[in-house]
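Trainee: What follows is a single structure, and I will ask about it in a moment.
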Amino acid sequence: MAAVAESGMSGTFLLGELAERIGAEVQGDPGLRIDGLATLGDAGPAQLSFLTNPKYRKAAEASRAGALLVGQGSGLSGRNLIVASEPYPALAELLELFHPTVAPAPGISPDARLGDDVDLGRDVHVGAFAVIGERTRLGDGVIVGAGAVVGRDCELGDQTELKPRVVLYPGTRVGQRCLIHSGVVLGADGYGFATSGGEHRKVPQVGRVVLEDDVEIGANTTVDRAMLGETRIGRGSKIDNLVMIAHGVHLGPSALLAGQAGIAGSTRVGARATLAGQSGLAGHLELGDGVIVAAKAAVFADLPDGSFVSGIPAMDHRRWKRAQAVAARLPELRKDVRELRAKLAELEKRLGAED
Amino acid sequence: MAAVAESGMSGTFLLGELAERIGAEVQGDPGLRIDGLATLGDAGPAQLSFLTNPKYRKAAEASRAGALLVGQGSGLSGRNLIVASEPYPALAELLELFHPTVAPAPGISPDARLGDDVDLGRDVHVGAFAVIGERTRLGDGVIVGAGAVVGRDCELGDQTELKPRVVLYPGTRVGQRCLIHSGVVLGADGYGFATSGGEHRKVPQVGRVVLEDDVEIGANTTVDRAMLGETRIGRGSKIDNLVMIAHGVHLGPSALLAGQAGIAGSTRVGARATLAGQSGLAGHLELGDGVIVAAKAAVFADLPDGSFVSGIPAMDHRRWKRAQAVAARLPELRKDVRELRAKLAELEKRLGAED
Amino acid sequence: MAAVAESGMSGTFLLGELAERIGAEVQGDPGLRIDGLATLGDAGPAQLSFLTNPKYRKAAEASRAGALLVGQGSGLSGRNLIVASEPYPALAELLELFHPTVAPAPGISPDARLGDDVDLGRDVHVGAFAVIGERTRLGDGVIVGAGAVVGRDCELGDQTELKPRVVLYPGTRVGQRCLIHSGVVLGADGYGFATSGGEHRKVPQVGRVVLEDDVEIGANTTVDRAMLGETRIGRGSKIDNLVMIAHGVHLGPSALLAGQAGIAGSTRVGARATLAGQSGLAGHLELGDGVIVAAKAAVFADLPDGSFVSGIPAMDHRRWKRAQAVAARLPELRKDVRELRAKLAELEKRLGAED
């Protein structure tokens, strides 16, 4: 089945041309005509598929694809192959080639409402029923999808796109080339309440959210404004759907946050962090660079550079793996202990009798 | 307190009539007039309540309800009862009877915006400020709520309803009789990035989302489009709120996914799966039919048909229960081991001395 | 960096004036001019910062802030201080002083759509592209943000604010002075299906959601309507982002629910509960007053007043802490047991030989 939707479809290429474009090599027939990319299961003889995860080796062997994009040493034989040193980035490049992005035409919908002193760059698109608050600045090529609400005093950098129904609270700053998916809320109040006498008094949240350049944020994710100062998402960070980033968090550049992960207030995370799905960081922590937090893990303490942690509470991943292996066999361990106790008691009894 | 809202309220019935409609039996007075359904705590003498969960047995005994819908062998006596072989589906039927759905009148709001070549079936309703993209097809009786945004090239099957503020990205296909709640985002980009030299390059997501017939999706849930091919939700699946379904997931028919569950990319799940609240499945897995994943569990490995798993990482549920029973008493187990060691050392010492 | 956005900025105060307003004492120069509040890192000599969490003690010492708001016994010396008995509520008060709320001007946007018989209080604001259903009542000073959709037969109490793009399903009742953040969905159908012969039949959800007074609900959180009767959020409860509250839940007053927490259907929670981030409560439970559920914990059983629980399944927090300390060292414990077994076997052998 042909791919669709967010992008158009363009032309046909020879396998050799494709390999050349991505700086890879062909094994097999460089003259094979390729009219598209498809999954291993869907691809036919005129389509290129790919093997970037060894789990799908058998599916690759069984695939009807005319050719396969693979890494070095794939071991596949008798197939037309494009062999790339880094097949996954190469796949990204080929997807762009076959499915070039189709941006909506520049223009402000007559059904959009712009406040006073909105500053529009060149080639801005604002969709129907979008609302832009006063004094907000949209850079060149910005796209604001239908029904999005951008508060006053916001800034959106060049080429940034808000998909339909994104909300930016006032004062939010988004860098260049960011992509914010539908349902995302940036800049809602941080969760701050001062409890006194059993009553919770709201602590005003008067800071802002800042997204640096090249950030992508997945559908229905929320990033709260800081109480004071900033909640900041570092350059090139990629955040999945339904992630929660609390007030005052500072996320270093190039972070990867998978679906339903969460970071509590004021925690600071270094560069190139990876938070796997449904993981969480407690508040007021300091995490170093290159930290990896496994799926479902909960981090309650600071972590040095390069940590790889798992579990609740999170611990070193290898230690966790070993501990879990024992944990699954705890009933047996207890049984062993009981047997030892019985044997020892018997021994003591015997020795007591011997005394 | 009377129920309201999504449905109207119609008439009064005799207890015997109600029993007959659902193929159940009356114990007590079939001539009792019933003017509505209510919870055990709220119901009065002219209302029917229900006992479908034994936990509420005492509340049922204390209820002022004029009559109770129960299963066989409820053991309740001295009450007017409707005894059904399957009381929960029977309750569904009675709720429909007392609260028939009130659909909005067909018609396209003058405040909606439809793109070129939108194909409208009969009796379609499109609410205010909804946006429908070009070439999208809405089947007969489709309802698009206020402020919903449906991208271009989408298809909505007959009688499907989008509640207010749903977003469908371009190319999404929704079957017949589906119900999609507010805030749902279908077809946002899957989370795919190729990391090279510490930078994350977006891998274009050019597949689609397909919902088969009779699917219900809860508020603010997200289902991402596939990189290539489809993310597919099987017929009759019911998905709760704030669930995350990643790109390329295939969910078999009749799945039940409770709140805040998540499924990572490319995982395939067989028929009739149950994922309890806040559970998660890692990516690239194969789960068989009839799998049950307990609340909070995290599945990191393939599962055969009929598996029932719990824990992080998930293991057989009974094994997990036994292991958890020991885990809660680990300090005692360690104490036992230390005592054994001390006793053994003493014994060795004594025997050493004896030698 | 100056704070912005949701609030204006007003004037300059002497340190002594600020202290007087919050009933606190000055140490140092009461005549110091303060023109704003800022974080420890951002504050300069004309700004007041604060130390309410001992973790930031060093940052406080290093701060360039002209003065600091602290609690008693802060031990900071050589600094201008405002010493308050409860510094966090005092900070809330000062934030309000420097950043008074700027409410949007009353008025109904010509781009909003109101149904028949909508009952508007005084000084109501309804933003662009908002939709209000028939017979809905908005109290005095209510604010409905842009693009919000309020169903028919809803009630919003005086001074309640819906931020942009909130959805209220029909029949929802919201008390006075509530604040509902963007993307929240109140009153979507509860997750109720009666399974028979492998098919899931929808159980109509005809109850409602009731929010009592002074409730705040964070971005993209969902609260489902009851099947019958009410889902009720008690007075003064504060709920964070991406929280899921299922049908029929009753939450006592003054609850605190942190990000991504979830409560399954029909569970009742007493007063002043605290659910930390990503925690969950199973359905049909009864929790007493003052219960604390730690981050990531999963409660599967009723809890008495004052419980403080952690873990999956949740257990007494201190027991959990002790158990986790052992759990992390399970491989060592198993090794100990194996050594004991070996020693014991040797001993038995020796003794057997002696016999």
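The values are calculated or read from the model by the stated rules, or taken from the named source; none is laboratory data. What you see is a predicted model, and the numbers here were worked out from it, not measured in a lab. As a convention, Cβ positions derive from the backbone with ideal geometry for all residues, glycine included, and neighbour counts pool all protein chains shown.
Trainee: Anything in the range C:95-125 that is under 15 Å from C:GLN159 (Cβ atoms) and in a strand (DSSP E or B)? List them, or say none.
Mentor: Answer for the range C:95-125, where residues must be under 15 Å from C:GLN159 (Cβ atoms) and in a strand (DSSP E or B): C:THR101, C:LEU120, C:HIS125.
Trainee: Among (1) free of Cβ contacts under 8 Å to residues at least 24 places away in the same chain; (2) more than 14 Å from every other protein chain (Cβ to nearest Cβ); (3) within 29 Å of A:GLY171 (Cβ to Cβ), which single condition is C:LEU15 missing?
Mentor: Every listed condition holds for C:LEU15 apart from (1).
Trainee: In this structure, does A:SER85 turn out to be buried (at least 17 other Cβ atoms within 10 Å of the Cβ) and not assigned by TED's automatic domain parsing to the domain that holds A:GLN159?
Mentor: No, not satisfied.
Trainee: Just to be sure I understand, how many residues within the range C:174-204 are farther than 30 Å from A:HIS181 by Cα, in contact (Cβ under 8 Å) with a residue 24 or more places away in the chain and either of a type in the set (Lys, Arg) or in contact with a Lys or Arg (Cβ under 9 Å, 6 or more places away or on another chain) (or both)?
Mentor: Residues meeting the conditions: 2.
Trainee: Answer yes or no as to whether A:PHE129 is out of contact with any His (no Cβ under 8 Å at 6 or more places or on another chain) and either of a type in the set (A, V, I, L, M) or more than 11 Å from chain C (Cβ to nearest Cβ) (or both).
Mentor: Spelling it out, it is not the case that A:PHE129 is out of contact with any His (no Cβ under 8 Å at 6 or more places or on another chain) and either of a type in the set (A, V, I, L, M) or more than 11 Å from chain C (Cβ to nearest Cβ) (or both).
Trainee: Kindly check whether there is at least one residue in the range A:40-54 that is under 30 Å from C:PRO110 (Cα atoms) and of a type outside the set (Ser, Thr, Tyr).
Mentor: No, there is no match, as no residue in the range A:40-54 is under 30 Å from C:PRO110 (Cα atoms) and of a type outside the set (Ser, Thr, Tyr).
Trainee: So which of B:ALA128, B:ALA84 ends up being in contact with an Asp or Glu (Cβ under 7 Å, 6 or more places away or on another chain) and of a type outside the set (Lys, Arg)?
Mentor: B:ALA128
Quick grid of which residues meet (1) farther than 26 Å from B:GLY171 by Cβ; (2) among the hydrophobic types (A, V, I, L, M, F, W, C):
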residue: A:ARG21; (1), (2): no, no
residue: A:ALA24; (1), (2): yes, yes
residue: A:SER49; (1), (2): no, no
residue: A:ALA59; (1), (2): no, yes
residue: A:ALA84; (1), (2): yes, yes
residue: A:ALA90; (1), (2): no, yes
residue: A:ALA103; (1), (2): no, yes
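Trainee: Also: Inside the range B:38-61, can you point out the residues that are within 12 Å of B:THR12 (Cβ to Cβ), buried (at least 20 other Cβ atoms within 10 Å of the Cβ) and among the hydrophobic types (A, V, I, L, M, F, W, C)?
Mentor: Selection gives B:LEU48 alone.
Trainee: Conditions first: (1) farther than 28 Å from A:ASP336 by Cβ; (2) touching a strand residue (DSSP E or B) at 6+ places or on another chain (Cβ under 6 Å). C:TRP320 passes all but one, so which condition is the exception?
Mentor: Of (1) farther than 28 Å from A:ASP336 by Cβ; (2) touching a strand residue (DSSP E or B) at 6+ places or on another chain (Cβ under 6 Å), only one is false for C:TRP320: (1).
Trainee: Being modelled with pLDDT under 95, not assigned by TED's automatic domain parsing to the domain that holds C:GLN205 and not in a helix (DSSP H, G or I), is that true of even one residue in the range C:330-353?
Mentor: The answer is no; no qualifying residue exists.
Trainee: I'd like to check something: does the range B:267-283 contain any residue that is over 23 Å from C:GLN278 (Cα atoms) and in contact with a Ser or Thr (Cβ under 7 Å, 6 or more places away or on another chain)?
Mentor: Yes, because at least one residue in the range B:267-283 is over 23 Å from C:GLN278 (Cα atoms) and in contact with a Ser or Thr (Cβ under 7 Å, 6 or more places away or on another chain).
Trainee: Name the single residue, out of those in the range C:330-351 being within 18 Å of A:ALA328 (Cβ to Cβ) and surrounded by 19 or more Cβ atoms within 10 Å (Cβ to Cβ), that is nearest to the chain's Cα centre (by Cα).
Mentor: C:LEU330
Trainee: Mind checking whether some residue in the range C:136-147 is of a type in the set (Gly, Ala, Ser), over 25 Å from B:SER182 (Cα atoms) and either touching a residue at least 40 places away in the same chain (Cβ under 8 Å) or outside the structural domain of C:ILE22 (by TED's automatic domain parsing) (or both)?
Mentor: Yes, there is a match, as at least one residue in the range C:136-147 is of a type in the set (Gly, Ala, Ser), over 25 Å from B:SER182 (Cα atoms) and either touching a residue at least 40 places away in the same chain (Cβ under 8 Å) or outside the structural domain of C:ILE22 (by TED's automatic domain parsing) (or both).
Trainee: Please specify each residue of the range C:285-303 satisfying the condition of being away from chain B (no Cβ under 12 Å) and part of a strand (DSSP E or B).
Mentor: Of everything in the range C:285-303, those that are away from chain B (no Cβ under 12 Å) and part of a strand (DSSP E or B) turn out to be C:LEU287, C:ILE292, C:VAL293, C:LEU303.
Trainee: Looking at the range B:136-152 only, could you name the residues that are in a loop (DSSP other than H, G, I, E, B) and closer than 20 Å to C:VAL150 by Cα?
Mentor: B:GLY145, B:ALA146, B:GLY147, B:ALA148
Trainee: Name the residues in the range B:37-57 that are under 17 Å from B:HIS99 (Cβ atoms) and not in a strand (DSSP E or B), would you?
Mentor: B:ALA38, B:THR39, B:ASP42, B:ALA43, B:ALA46
Trainee: Can you find a residue that is acidic (Asp, Glu) and either surrounded by 20 or more Cβ atoms within 10 Å (Cβ to Cβ) or part of a helix (DSSP H, G or I) (or both) anywhere in the range C:304-319?
Mentor: Looking through the range C:304-319, none of the residues is acidic (Asp, Glu) and either surrounded by 20 or more Cβ atoms within 10 Å (Cβ to Cβ) or part of a helix (DSSP H, G or I) (or both).
Trainee: Might you let me know whether the range A:153-169 holds any residue that is closer than 30 Å to C:SER254 by Cα and either in a loop (DSSP other than H, G, I, E, B) or not assigned by TED's automatic domain parsing to the domain that holds A:LEU228 (or both)?
Mentor: Yes, that holds for at least one residue.
Trainee: Being buried (at least 24 other Cβ atoms within 10 Å of the Cβ) and closer than 18 Å to C:LEU186 by Cα is the filter here; which residues of the range B:147-182 pass it?
Mentor: Within the range B:147-182, B:GLY147, B:ALA148, B:LEU162, B:LYS163, B:PRO164, B:ARG165, B:VAL166, B:VAL167, B:ILE180, B:HIS181, B:SER182 qualify.
Trainee: A further question follows. If I go through the range C:151-184 residue by residue, how many of them are facing chain B (nearest Cβ under 7 Å) and under 21 Å from the mean Cα position of the chain (by Cα)?
Mentor: 3
Trainee: I've got another one for you. Just checking, how many residues over the range C:63-94 are part of a helix (DSSP H, G or I), without any contact (Cβ under 8 Å) to a residue 60 or more places away in the chain and out of contact with any strand residue (DSSP E or B) (no Cβ under 6 Å at 6 or more places or on another chain)?
Mentor: 0
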